[in-house]
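K.L.:
Here you go, one structure.
The values are calculated or read from the model by the stated rules, or taken from the named source; none is laboratory data. Quick caveat, the model's predicted, so the values are computed rather than measured. Cβ placement follows ideal geometry from the backbone for every residue including glycine, while neighbour counts extend to all protein chains displayed. Areas reflect the complete protein model, heavy atoms only, side chains present, ligands, DNA and RNA absent. Shrake-Rupley method; radii C 1.70, N 1.55, O 1.52, S 1.80 Å.
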Amino acid sequence: MSHYVIGDVQGCYDELIALTNKIKFNPDKDKLIFAGDLVNRGTKSLEVLNFCIKNKKSIKAVLGNHDLYLLYLIEHKKRNESLKKILNADNIVKIHKWLKKLPLLLKFEINKESFWISHAGIPHIWSLKTAKNLSKEIQTALKNDSFRLLENMWGDTPSKWKDNLKDYKRYRIIINYFTRMRYLDKKGALKLGKKNLKPEKNHIPWFEQTKDNLKENETIIFGHWAALEGKTNLKNIIGLDTGCVWGNKLTAIRLEDKKIFQVKKYGNI
Ligand SMILES: [Mn+2]
């Protein structure tokens, strides 16, 4: 039995199948864990979700910003060109039910190591325990009143975490840290406008700060940041978004030995 974490698929179904063939995925034995953004931009988002639902017993996933956007479209009955095949699908109820239960953070213990997986990462201002509790808080809010949560999730404010934030401001910033974060300042304020890799004062990649919180047997795995091409230059913070939907690669890591597996866009292995 092996655990594989897979980076942002974004509707690249053919490449996902090529990757599962490459790792010889056996749904009766192995686990696939998706680092979020299963859908959008790519052309086969519905096929990706159907694959997940068909194999749901051996699949785990965290929500990415695009998956949350899809949930919003479904519940608020909005249209979107790139996601319309899903929105019109016969099994939309099943898809909705499956997506809505996904967390923002997952933890796996393998060979005395702990692996923490979230779409964008974990900010240095939270301990791993706090991050776990905040992920649970959002999962509960999604369960209780997803319609209102999804409606009030948009926006870049507040930009900085405070323990006493309440209601939608609190939910919004938790979701922004887990699904949209790239740069932070030293105090943990999100700098959501910056996406390029050019060094800039007070804009520090989140992992450059979070690395100091981690023990030797703790590893964080994330997606979301395609421009990094998976490179954090850190052993225990691993980026898996290698920009398949932008014409690059789809990447998986096997947790048991940290071996990387990749396929190129268009299924060229
Ligand atoms: Mn993303």
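K.L.:
Against the condition open to solvent by 10 Å² or more (accessible area, probe 1.4 Å) and of a type in the set (Asp, Glu), how does GLU47 come out, does it pass?
P.N.:
Here the answer is yes, as GLU47 does meet what is asked.
K.L.:
Here's a follow-up. Filtering the range 1-28 down to residues that are surrounded by fewer than 16 Cβ atoms within 10 Å (Cβ to Cβ) and either outside any loop (DSSP other than H, G, I, E, B) or under 20 Å from the mean Cα position of the chain (by Cα) (or both), which residue is nearest to the ligand (Cβ to nearest atom)?
P.N.:
Checked the range 1-28; the qualifying residue nearest to the ligand (Cβ to nearest atom) is LYS22.
K.L.:
Under 9 Å between Cβ atoms, at least 6 apart or on separate chains: pull out the pairs that start in the range 32-50 with a residue that is touching a residue at least 24 places away in the same chain (Cβ under 8 Å) and of a type in the set (Gly, Ala, Ser) and end on any residue that is away from the ligand (no atom under 14 Å from the Cβ) and assigned to a helix (DSSP H, G or I).
P.N.:
GLY42/TYR13; GLY42/GLU15; GLY42/VAL48; SER45/TYR13; SER45/LYS85; SER45/ILE86
K.L.:
If you don't mind, there's one more thing I want to ask. State the number of residues belonging to the range 212-229 that are assigned to a loop (DSSP other than H, G, I, E, B), open to solvent by 80 Å² or more (accessible area, probe 1.4 Å) and touching a residue at least 12 places away in the same chain (Cβ under 8 Å).
P.N.:
Of the residues in that region, 2 qualify.
This table checks each residue for (1) touching a residue at least 12 places away in the same chain (Cβ under 8 Å); (2) touching a helix residue (DSSP H, G or I) at 6+ places or on another chain (Cβ under 8 Å); (3) away from the ligand (no atom under 16 Å from the Cβ); (4) closer than 19 Å to PHE34 by Cα.
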residue	(1), (2), (3), (4)
VAL93	no, no, yes, no
HIS119	yes, yes, no, yes
ILE125	yes, no, yes, no
LEU128	yes, yes, yes, no
GLU137	yes, yes, yes, no
ALA141	yes, yes, yes, no
TRP154	yes, yes, no, no
LYS162	no, no, yes, no
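K.L.:
Right, something else. Would you check which residues across the range 99-133 are over 30 Å from LYS211 (Cβ atoms), touching a strand residue (DSSP E or B) at 6+ places or on another chain (Cβ under 9 Å) and open to solvent by 20 Å² or more (accessible area, probe 1.4 Å) and list them?
P.N.:
Within the range 99-133, no residue meets the criteria.
K.L.:
Taking the range 57-74 as the region of interest, how many residues are over 11 Å from LEU150 (Cα atoms) and of a type in the set (A, V, I, L, M)?
P.N.:
Adding up the residues that qualify gives 4.
K.L.:
Report the residue count in the range 29-43 for those that are more than 16 Å from the ligand (Cβ to nearest atom), within 18 Å of the chain's Cα centre (by Cα) and either charged (D, E, K, R) or at pLDDT below 95 (or both).
P.N.:
Adding up the residues that qualify gives 1.
K.L.:
Follow-up question, since we're still on this one. Whether any residue in the range 36-47 is charged (D, E, K, R) and within 19 Å of ILE238 (Cα to Cα) is what I want to check. Step through it out loud before you land on a result.
P.N.:
In the first step, residues of the range 36-47 are kept if they are charged (D, E, K, R); the result is 37, 41, 44, 47.
Next, from what is left, pick out any that are within 19 Å of ILE238 (Cα to Cα): 37.
Checking the range 36-47: at least one residue is charged (D, E, K, R) and within 19 Å of ILE238 (Cα to Cα).
K.L.:
Residue check: is TYR69 open to solvent by 30 Å² or more (accessible area, probe 1.4 Å) and within 16 Å of the ligand (Cβ to nearest atom)?
P.N.:
Details: open to solvent by 30 Å² or more (accessible area, probe 1.4 Å): yes; within 16 Å of the ligand (Cβ to nearest atom): yes.
Here the answer is yes, as TYR69 does meet what is asked.
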